[in-house]
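First the structure, in the form of structure tokens, and then the observations on it.
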Amino acid sequence: QPALGSRDREIDKAVVVHAALLSLFIRRIARIPTATPTDTPTATPTDTPTATPTDTPTPAIVSCPGALPSRLARGMNGRVSDEDPSPVNVRLGPSTDFDRIDRLFPNETFVVLNGPICDDGVAWFEIAYGGGALQGFIAEGIDAYFVEPIADAPLATFGDTNRIRGECRRLVIDDDFRNDSSPNDWFVGRSSRSVVEFRDGAYQITLGTVPGVSQVTSWGSLRGYELGDATIEAEIRASQFTPNVAARTGLWIRYQGEEAFLAFMINSEGNFYVGVYQNRAYRDLVNWRRFDPIITENEAVNLLRIESVGALHRFYINDQLAAAVGDSTWATGRVAFMGSSDAPPAIFSMDRIRICES
């Protein structure tokens with residue numbers, strides 16, 4: 001990737017890949033559900049930040065070591081400075097190591113979703129733009145500011161926060177499976193019980209009917225990363241996820257293989273579970289328990305987050321703390337996505353996963 005130059009901009013304005021950007025725009029819009037913004041969780045997720053008047057005070061400004069003093073923070077409205085006529089790169093992640101996915105031109109506006117994320121003396125911010133339909137990362141500046149806050153603009157309210165926006169100290173992966181692929185080594189394959197593949201912009205598990213098996217279960221793991229102290233966030237959904245079926249989905253962490261892992265699961269009755277699977281049996285850490293923030297609707301997105309530091313693990317569902325437990329069975333391990341149903345065919349989708357190491 002090109003090094004970060006003045007404003008992380010490409011000077012050659014003539015090379016604009018209109019078809020690729022249009023495809024990205026259409027794809028993003030198609031995957032973003034709509035909802036009425038609200039200050040409390042609702043049963044309908046939304047990805048679209050909406051700027052509305054609020055009495056919320058200006059958030060505290062945080063600056064990155066070695067970077068220009070930040071002028072932006074989460075919830076602020078901003079725009080590209082017009083002091084330089086060249087555009088600002090929008091990247092897939094918070095570093096020039098990530099691909100450029102778009103460009104913003106002078107005076108184009110955006111809403112800050114998250115940040116700053118510090119990388120080698122540069123402050124990066126996750127933003128929504130294009131009416132909230134598109135997201136990406138921009139650098140705030142180097143030697144000079146690329147972007148600026150919009151004076152006196154009200155803070156944005158985000159409503160139901162079924163999006164990944166938490167702090168990230170060191171990004172490991174941020175995978176949204178665009179173009180039905182991934183740069184990472186996820187298991188894909190076909191068996192008598194399931195097909196695990198990249199499909200419809202997600203990492204997807206499709207369960208089939210297995211003779212003599214009432215509850216079909218399948219999973220896929222991320223290979224190549226042994227995680228210890230880490231935060232794992234994932235947007236997941238299921239084609240059938242209402243109380244009339246017995247469905248569960250979630251993440252397995254500290255994964256050693258199919259016989260050994262720490263499970264964090266939610267089910268279609270609105271319950272969650274935490275337990276250690278070892279020696280072909282579960283040891284309950286939190287037995288199935290009702291948790292109202294779980295959304296039990298077909299294709300509804302639930303955001304799971306796990307924060308692990310040593311033997312302490314905190315489990316969040318749709319930004320609400322569900323449980324904190326201690327377990328030191330394994331110090332490190334991989335991560336896997338799973339789905340289980342008594343009514344196949346059933347499809348379980350992970351639309352995005354982000355992993356940050358502490």
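The values are calculated or read from the model by the stated rules, or taken from the named source; none is laboratory data. These figures come from a predicted structure and were not determined experimentally. As a convention, Cβ positions derive from the backbone with ideal geometry for all residues, glycine included, and neighbour counts pool all protein chains shown. Ligands, DNA and RNA are stripped out before the accessible areas are found, and what is left, the full protein with its side chains, is counted by its heavy atoms. Shrake-Rupley method; radii C 1.70, N 1.55, O 1.52, S 1.80 Å.
Things to note:
- Meeting the requirement of 3 or more residues that are open to solvent by less than 10 Å² (accessible area, probe 1.4 Å), the strands (runs of 3 or more DSSP E) wholly within segment 86-149 are 88-91, 109-119, 122-129, 134-139.
- Residue match in segment 301-318 (condition: over 23 Å from Ser218 (Cα atoms) and without any contact (Cβ under 8 Å) to a residue 12 or more places away in the chain): yes
- Residue in segment 316-329 that is small (Gly, Ala, Ser), assigned to a strand (DSSP E or B), more than 24 Å from Thr209 (Cβ to Cβ) and open to solvent by 40 Å² or more (accessible area, probe 1.4 Å) present: yes
- The number of residues in segment 116-127 being within 14 Å of the chain's Cα centre (by Cα) and in contact (Cβ under 8 Å) with a residue 40 or more places away in the chain comes to 1.
- Test: residue in segment 264-274 that is touching a residue at least 60 places away in the same chain (Cβ under 8 Å), buried (at least 19 other Cβ atoms within 10 Å of the Cβ) and not in a strand (DSSP E or B): no
- Listed by position, the strands (runs of 3 or more DSSP E) contained in segment 165-245 that have at least 2 residues being open to solvent by 10 Å² or more (accessible area, probe 1.4 Å) are 170-175, 194-199, 216-227, 230-238.
- Within segment 286-307, the set of residues being farther than 16 Å from Glu269 by Cα and touching an Asp or Glu at 6+ places or on another chain (Cβ under 6 Å) comprises Leu303, Arg305.
- The residues of segment 300-315 that are open to solvent by 10 Å² or more (accessible area, probe 1.4 Å) and either at pLDDT 95 or above or part of a strand (DSSP E or B) (or both), listed by number, are Arg305, Glu307, Val309, Leu312, Arg314.
- With respect to the conditions (1) under 18 Å from Phe198 (Cβ atoms); (2) open to solvent by 10 Å² or more (accessible area, probe 1.4 Å); (3) not polar (S, T, N, Q), Phe348 lacks only one, and its number is (2).
- Beta carbons closer than 6 Å, at least 6 apart along the sequence or on distinct chains, pair a first residue in segment 220-248 that is on the phi > 0 side of the Ramachandran plot with a second that is in a strand (DSSP E or B) and modelled with pLDDT of 95 or more for Gly224/Asp185.
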